[in-house]
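Structure first, commentary second.
The values are calculated or read from the model by the stated rules, or taken from the named source; none is laboratory data. All figures in this text were calculated on a predicted structure; none of them were measured in a lab. Cβ: placed from backbone, ideal geometry, glycine included. Neighbour counts: every protein chain shown.
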Amino acid sequence: MKNLGHTESLRAPLQALIDEASRINSYKPQPYWYPLSIATYDVEEVLAAVDSMCSFRTTMWEKTGRFEEEFARLHGVSEAIMVNSGSSADLLIAFALTNPAGRMRLQPGDEVLLPSVTWPTQIWSVMMAGLKVRLVDTDPRTLNVDLDDLEAKIGERTRAISLVHLMGNPCDMDRVTALCQKHGLVLVEDCCEALGARFDGKPVGTFGLAGSYSFFFSHHITTMEGGGIICSDPDLSDLLRLLRAHGWARNTKHMAPVVMDGLDPRYMFLNWGFNVRPTELQAGFGLEQLKRLGVFQSQRLQNATYLMRSLERYGALMRSIEVHPKAECSWFAVPLMLRESCPFDRSVLLKHLEANGVETRPIVAGNVARQPVCSIFPELQGPPLPGADLVHERGFYIGLHPFAARESLDRLTGVFDSFLKSYA
């Protein structure tokens, strides 16, 4: 590894420590033998983090820049901006849309259409930036926005669509981009669960103005916490860098230097901003994880395919999601939907899975409009969202591990069998 000469001697003891920790943990009673996620990092990532600490370069530095270059290259775009979380990535994009220095693509009060089943910070970010939110119903077959409802809700005040490719399943981008072109709408994409997904051969996150990503522990790659934004607009990328770090001029990449009498150029502020910078430890982790991404994706696809085929015999009771013929799903997890004709309640099946060591979750926040927070914000209260309600009441997911052995997947299928076979 580059720049690790002074820490290379730590490789052997660190590897021994990791191996011992794994051995000890394997004997400890665990609540779940099949958890939602498992660690996908090893000694290389740990060494990269140790290198940053031993170099006394722990805040955003050259590793962050290298990670951004690699991440942009991966998506075939010119710009990538690393931040401390996927939620922060959504936040910066929303604030860039209304910023006076950003060509004012949107005005405060403009309407943005958002999915009703998503991670809530995608919605909060738009609201915090002073924009009006309107929730679109969900297609329970895909878990993405109901495209008919999306089209029907485009009104006079609608200026943008904030899309999510939920669980790594790409939306129908032919239809979405056609709607945006027809109505002159700005498109942004939340790809926090969809790293590696493609539509018609093109990476998600590259269809609109910008795409956001998450590198949380359970995601396709991990930097523990962490996130990123991609785009192909140099001016937008510099605005995002200003918003990332206090509005500080020294973080820009393309802007010409600004000189003003009486101001130290090292402390020049060109805009307002947050402080959502990543650390070098996260960037070092990310550089090593990117090397593994191809293997991770291949194994996730193999394991998802095997599990879904193993559960096909229960198709009268439950189903997985539909993937568009042009799409390549980058499976974040294994989402399942109980059919409306299913004779048992979801809670009974989930109780069985959890009691037998299989960790489960609802489909993210379910129908966001049914969350208690909506009583505070009237704009989140609206007409019924029947598709989102079906996901809320009948959807759940189990983890998808890139390193799960076939025996583990067969054991998992057996847990389903022990409950479902009497209904099949």
Within segment 142-176, considering residues that are surrounded by fewer than 18 Cβ atoms within 10 Å (Cβ to Cβ) and among the charged types (D, E, K, R), the one nearest to Met337 (Cα to Cα): Asp148
Which numbered condition Glu407 misses (of (1) in contact (Cβ under 8 Å) with a residue 60 or more places away in the chain; (2) part of a helix (DSSP H, G or I)): (1)
Selection from segment 203-258 of residues that are hydroxyl-bearing (Ser, Thr, Tyr) and crowded, with 24+ Cβ neighbours inside 10 Å: Ser212, Tyr213, Ser214, Thr223, Ser237
Residue in segment 341-356 that is touching a residue at least 40 places away in the same chain (Cβ under 8 Å), under 18 Å from Ala388 (Cβ atoms) and not basic (Lys, Arg) present: no
Matching option when the condition is more than 20 Å from Ala404 (Cα to Cα) and modelled with pLDDT under 95, among Val276, Val323, Val259: Val259
Flag if Glu189 is part of a strand (DSSP E or B) and either buried (at least 22 other Cβ atoms within 10 Å of the Cβ) or touching a Ser or Thr at 6+ places or on another chain (Cβ under 6 Å) (or both): yes
Ile81 being buried (at least 16 other Cβ atoms within 10 Å of the Cβ) and closer than 29 Å to Gly201 by Cβ: yes
Test: residue in segment 301-314 that is assigned to a loop (DSSP other than H, G, I, E, B) and not assigned by TED's automatic domain parsing to the domain that holds Thr64: yes
Subset of segment 358-381 that is assigned to a loop (DSSP other than H, G, I, E, B), within 22 Å of the chain's Cα centre (by Cα) and not charged (D, E, K, R) - its residue that is farthest from Leu114 (Cα to Cα): Pro362
